[in-house]
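As structure tokens, the structure follows; a few thoughts come after it.
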Amino acid sequence: MILDVKNALSTIAPKLTYDVLIENQADGRVKAILLSLPECQGLGATKEEALNNLIQLFQERKPEIVTLEIEPAKKENPWMKFAGMFEDDPHFDEVQQYIAEYRHELDTKMEENNQTIENQENI
């Protein structure tokens, strides 16, 4: 498996947006919870203080954003194991000739049927 890691911050530091749940606590404080990382929470006396504490806590974690490009494992076509299995069969050419003759016979019947249908439509 080939794994290619690209660091998004190495070229341009993108601004990130997060959904934050704000909850008023029974003791009058405010809790801000980062929904994508519920263990990351900030507490404060006000909403702004809780959010600032959350931002500070998150930045202290020094998060890094990377993009992974994972190449899937290459799988062999399941029919390939049968390829060439009759190449040494002495009857192979005979079978191929039979198939060609039968195909020609079916094509002839189809043409006859199509012609019959066209004749019936013209009547």
List, please: which pairs have Cβ atoms under 9 Å, are six or more places apart or on different chains, and start with a residue in the range 78-103 that is charged (D, E, K, R) and end with one that is part of a helix (DSSP H, G or I)?
ASP89/VAL95
Residue under question is ALA100, and the condition is that it be surrounded by 10 or more Cβ atoms within 10 Å (Cβ to Cβ), touching a strand residue (DSSP E or B) at 6+ places or on another chain (Cβ under 8 Å), among the hydrophobic types (A, V, I, L, M, F, W, C) and not in a loop (DSSP other than H, G, I, E, B); does it hold?
no
Can you tell which of GLU71, GLU87, GLU121, GLU60 is acidic (Asp, Glu), touching a strand residue (DSSP E or B) at 6+ places or on another chain (Cβ under 7 Å) and surrounded by fewer than 10 Cβ atoms within 10 Å (Cβ to Cβ)?
GLU71
Quickly run through the range 21-62 and pick out the residues that are polar (S, T, N, Q) and assigned to a loop (DSSP other than H, G, I, E, B).
GLN25, SER36, THR46
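No lab work stands behind these numbers, since they all come straight from the coordinates. The structure displayed is predicted, hence computed values, not measured ones. Every residue, glycine as well, gets a Cβ built from its backbone with ideal geometry; the counts of neighbours run over all protein chains shown.
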